[in-house]
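The structure appears right after this line, and notes come after that.
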Amino acid sequence: MGWLWAIIVGFVLGLLAKAILPGKQNIPLWLTTLLGIGGAIAGNAIARGLGIEATPGIDWGRHVLQLVAAIVLVAAGAAVWRAIMSKRHGTTSTRTIA
């Protein structure tokens, strides 16, 4: 049952991260879920390192860290996915950096 819970939490965290990030992240749902799972794992590791792994009641600190990690991973994953897809389709960005 642990793997099912990880998929559900990863799915929810990934969707929350996509909703919070500005713009549209054109990444598939399976990648959103995997990045959300990665965010949950990274957030748990950071919480453990900060000593807030096990607290009485709801672990709000751990959940916030999981969400922040998921946001970072979804943003990075979307950028990598965009680069891979643009290279595959032979398109380049028309945006210039001034």
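Summary of values
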{"item": "Relative contact order (percent, whole number), the chain, Cα cutoff 8 Å, 6+ residue spacing", "result": "31 percent"}
{"item": "For percent of Cα pairs over 17 Å apart, calculated from these coordinates, the label among (i) 45; (ii) 55; (iii) 48", "result": "(ii)"}
{"item": "Sites residue 88 and residue 19, calculated FRET efficiency, Cβ-Cβ separation with R0 30 Å, nearest 0.05", "result": "0.65"}
{"item": "Neighbour cut-off at most 16 other Cβ (10 Å), DSSP loop, trypsin sites (Lys or Arg not before Pro), region 4-98", "result": "24, 95"}
{"item": "Value of [θ]222 nm, deg cm²/dmol, for the chain, DSSP H segments ≥ 4, -39500 (n - 2.57) each, nearest 500", "result": "-25500 deg cm²/dmol"}
{"item": "Acute angle (nearest 10 degrees) that the helix 2-20 long axis makes with the longest principal axis of the chain, alpha-carbon atoms", "result": "50 degrees"}
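Values in this text are rule-based calculations from the coordinates and carry no lab data. Fair warning: this is a prediction, and the values are worked out from it, not measured in the lab. No Cβ is skipped: glycine too gets one built from the backbone with ideal geometry, and neighbour counts run over all protein chains shown.
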